[in-house]
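J.: Okay, here's the structure, questions in a sec.
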Amino acid sequence: MTNALERIRAAKRELGQDVVVLAHHYQRKEVVEQGDFVGDSYQLSSYAAASDAQKIVFCGVHFMAEAARILARPNQKVYMPDPRAGCPMADMADARDTVTALSQLRQMAGKGRKIIPVTYVNSNADVKAIVGHAGGLVCTSANAGKALEWAATKGDLLFFLPDEFLGTNTANDLGYQPVARWNPHEANGGLTLKEVETAKVIVWQGYCHVHTYFTPAMVEAARAKYPDCKVVVHPECKPDVVEVADGCGSTSYLVREVEEAGSGQTVVVGTEVNLVLRLASEFPDRKIVPLDYSLCPNMYRTTPDKLADLLERFDPAREITVPEDVVAGARLALQRMLDL
Ligand code: SF4
């Protein structure tokens, strides 16, 4: 490990301003410590869009590096230490099923109702492109509310994908009801004509296993163990968990809750465990505990050794590319988010 960290520092010294290392909050601590910039997916996409570095190294999962590629300039290159680090939730919505869903919804919604799709940034580039061409936009957990409000000014029926729970929690917050669930494995999403005609929001049945793992019983157990604690959770959790928590918000919100907690306070955090444990070590004067141990194995694929290898050789197999015909539509959807 020490060897890997020394190799990373030496390579970065040599590369200077030519390289920038972006690290997502869910990366393991030793990788986060090597990041020039650490943030959630929204912060990292904005940073990638503004960066002048020739080589952008993305320590995160594949859809994030794709978004950086789409927003970067043509002369910049985007790499991942392990390009196999994907996101199972992003893979729950593919391009073909998304096109089919939009076409079936248009037929079912009836004349005069305009459908605006909103895709979570945790989606593949071809899905973002379809959404961009259909007049929709991308959102992150930090701006999902704003994105749905924007979409509601452009159309009558909002189609949120691929995370059922971020979509449902956000619609509940905004009072956008009723919410219907689209099952991509059933004809017409498993919905009746009436359900589509009356829905305000339709959510794709995808989910993040890291966050749907949490249950209301875990919140109860945390309260029993730490009676004065504050429980905060990520909006990819199920609505029954959000309902019993003290607060719910994006990764940046969870970080802020910990930063702003007083000395001696206990904060129980329902999100990816690497972030929670890192926050606990950064704030030793307060008690920061995971709601339970839930790790994202995909984020965990990136190791200091793989980062060192990449910075030393920039193996072309680790470069992230996006087909030209996908870039324009996906950029449209991402740019609408950045303009919010
Ligand atoms: S934490 Fe969940 S949504 Fe994020 S990358 Fe892992 S599987 Fe995907």
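J.: Once Lys and Arg get +1 and Asp and Glu get -1 on their Cβ, which of Phe314, Ser263, Gly206 lies farthest toward the positive end of the dipole of segment 201-331?
T.: My answer, from the dipole projection, is Ser263.
J.: Also: For Glu14, put the label point 7 Å out on the Cα→Cβ axis and report which residues of segment 47-87 keep their amide N under 20 Å from it.
T.: Within reach of a label on Glu14: 53-58, 77-82.
J.: Roll a 1.4 angstrom probe over the protein heavy atoms and tell me the percent of accessible area of the chain that is carbon or sulfur.
T.: Answer for the chain: carbon and sulfur cover 48 percent of the accessible area.
J.: In sequence order, what are the phi-derived ³J(HN,Hα) couplings for segment 92-97 according to the Karplus relation 6.51 cos²θ - 1.76 cosθ + 1.60 with θ = phi - 60°, rounded to whole Hz, with x for glycine and proline?
T.: The phi angles translate into 6, 10, 9, 4, 4, 5 Hz.
J.: Here's another thing I want to ask about it. Which three extents, in whole angstrom, do the alpha-carbon atoms of segment 183-251 cover along their principal axes, largest first?
T.: Answer, in whole Å and largest first: 48, 22, 22 Å.
J.: Given a Förster distance of 45 Å, report the FRET efficiency between Glu30 and Glu324 from their Cβ-Cβ distance, rounded to the nearest 0.05.
T.: E(calc), rounded to 0.05, equals 0.80.
J.: Moving to a separate point now. What Kirkwood hydrodynamic radius do you get for segment 134-274 when you take the inverse of the mean 1/r over all pairs of distinct Cα atoms, in Å?
T.: By the Kirkwood definition, the hydrodynamic radius is 16.2 Å.
J.: OK, next. Tell me what the chain gives for mean residue ellipticity at 222 nm when only DSSP H runs of n ≥ 4 count, each as -39,500 (n - 2.57), the sum divided by the residue total, rounded to 500 deg cm²/dmol.
T.: Taken over the chain, the calculation gives -13000 deg cm²/dmol.
J.: Quickly rank 199-211, 120-132, 72-84 as a protection proxy: mean count of other C-beta atoms within 10 Å, highest first.
T.: Highest-to-lowest ranking by the protection proxy: 120-132, 199-211, 72-84.
J.: Estimate the FRET efficiency between Ser103 and Arg313 by the formula 1/(1 + (r/R0)^6), using the beta-carbon distance for r and 41 Å for R0, to the nearest 0.05.
T.: After rounding to 0.05, the efficiency reads 0.35.
J.: Please report the spacing between the Cα centers of segment 17-35 and segment 202-254 in Å, no decimals.
T.: Each part's Cα centre sits 26 Å from the other's.
J.: So, for segment 12-115, what is the accessible surface per residue at a probe of 1.4 Å, expressed in square angstrom?
T.: The answer is 42 Å² per residue.
J.: When ranked by the protection proxy of mean other Cβ atoms within 10 Å per residue, highest first, what sequence do the peptides 229-238, 279-288 form?
T.: In descending order of packing, they fall as 229-238, 279-288.
J.: Hey, how many Å between the Cα centroid of segment 63-139 and the Cα centroid of segment 303-317?
T.: 28
J.: Same structure, new question: Taking Lys306 as the anchor, which aspartates and glutamates have their alpha carbon closer than 16 Å to its alpha carbon, excluding any fewer than eight residues away along the same chain?
T.: Of all the aspartates and glutamates, those that pass the test against Lys306 - Cα under 16 Å, at least 8 places apart if same chain - are Glu6, Glu30, Glu33, Asp82, Asp315, Glu319.
J.: Related question: Could you please tell me the mean projected area of the C-alpha convex hull for the chain, averaged over all directions and given in square nanometres to one decimal?
T.: Answer in nm², one decimal: 17.2.
J.: Which one of Gln54, Val327, Gln34 has its Cα pushed farthest toward the positive end of the charge dipole of the chain, where Lys and Arg give +1 and Asp and Glu give -1 at the Cβ?
T.: Of the options given, the answer is Val327.
J.: About its Cα centre, what dipole magnitude does the chain give when the only charges are +1 on Lys and Arg Cβ and -1 on Asp and Glu Cβ, stated in debye to the nearest 20?
T.: Charge dipole, the chain, about its Cα centre: 480 debye, nearest 20.
J.: Give the lysines reachable from Lys238 as a straight Cα distance under 26 Å; neighbours fewer than 8 places away on the same chain don't count.
T.: Hits, sequence-local ones excluded: Lys128, Lys146, Lys194, Lys200, Lys225, Lys230, Lys287.
J.: Give the peptides 162-168, 263-269, 86-92 in descending order of average Cβ contacts within 10 Å, highest first.
T.: So the peptides 162-168, 263-269, 86-92, ranked by packing, come out 162-168, 86-92, 263-269.
J.: What is the projected area of the convex hull of the Cα atoms of segment 235-340, averaged over all directions, in nm²?
T.: Over all viewing directions, segment 235-340 projects a mean Cα-hull area of 10.3 nm².
The values are calculated or read from the model by the stated rules, or taken from the named source; none is laboratory data. Keep in mind that this is a model prediction, so the values were computed, not measured. Here Cβ is always computed from backbone atoms with ideal geometry, including for glycine, and neighbour counts include all displayed protein chains. SASA here: full protein model, heavy atoms, side chains in, ligands and nucleic acids out. Shrake-Rupley method; radii C 1.70, N 1.55, O 1.52, S 1.80 Å.
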